[in-house]
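Just so it is clear, none of the values below were taken in a lab; they were calculated from the coordinates. Fair warning: this is a prediction, and the values are worked out from it, not measured in the lab. In this analysis, Cβ positions are derived from the backbone assuming ideal geometry, glycine residues included, and neighbour counts consider all displayed protein chains.
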């Protein structure tokens, strides 16, 4: 199906298909004695990262839209700056959680147009939650093991809105709730917690790995997720679209504006994902 004019609905369906297929391959490797390598930046990588990336690229390349993927060579900015549209992919977000086998990892796929994420898909294959959003269609979640399996049989891409529930799914908790990284709790986060306690008196903290944290804010489980450590564009692009279309936001703390993408330097500044009503 090669063509030039893809609708957002078609692109979203294809991104969901890619995430689900990648998730299947990730799970096949998850239950084996896989090896762990260390990349030049001292972060871990597994065969699952690479296999998932290849699977996603193969599916998305039919759109003829360039792809930026964590596990593939990235073009120089002199080339990328001319791309009005680009897929930004993390084939396995939360590799540390994957290695720990705690299930808290995800596949991230985003479509960025002129620096802004317009489609986002995050699939947690062990938890069997899939979040998806587009600026034209809104933000949704499909959950529950049996439903995911049933949809896979029926071709989930054709049944997204039949079973998807629009985000947010719930009101935020009465007690101010912060979601924190399972692997990256820092002094800055602890300082933020202390600041929030002065404002709200009581603060609950819930922990989970990978981009699932952004999704929990979008669906209303938490008020905010602050991040003061190193992240890259593929860690946040999909989540930002899901957040924004659910009425939340992901703010670059250096500019106090929404995060931008396909930048010359693809490192993110510190950020906060939050409900719009949450105080910074």
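A few comments on the model shown:
- Within the stretch 71-87: backbone nitrogen closer than 17 Å to the residue 99 label point (7 Å, Cα to C-beta): 71
- Between residue 42 and residue 82, the contour length at 0.36 nm per residue exceeds the Cα-Cα span by 11.3 nm.
- Full-stretch length increase - residue 257, residue 24 - with 0.36 nm per residue and alpha-carbon distance subtracted: 80.3 nm
- Förster radius 25 Å - calculated FRET efficiency between residue 162 and residue 10 (Cβ-Cβ, nearest 0.05): 0.90
- Ascending count of other beta-carbon atoms within 10 Å, so fewest first, for 57, 7: 7, 57
- In nm, spacing of pseudo-spin labels at residue 35 and residue 194 (7 Å Cα→C-beta vector): 4.5
- Between 0 and 90°, nearest 10: helix 233-245 axis offset from the chain longest Cα axis: 70
- Taking only the alpha carbons of the stretch 63-135, we obtain Rg and Dmax values of 13.8, 40 Å in that order.
- Rg in Å to one decimal, and Dmax rounded to a whole Å, for the stretch 1-103 via C-alpha atoms: 15.0, 43
- Relative to the longest principal axis of the Cα atoms of the chain, the long axis of helix 47-60 lies at roughly 60 degrees.
- The angle separating the long axis of helix 187-200 from the principal Cα axis of greatest extent in the chain is about 60 degrees.
- Calculated mean residue ellipticity at 222 nm for the chain: -10500 deg cm²/dmol, from DSSP H runs with n ≥ 4 weighted as -39500 (n - 2.57), summed, divided by the residue count and rounded to 500.
- Where labels lie 7 Å past Cα in the beta-carbon direction, separation of residue 73 and residue 114 in nm: 3.2
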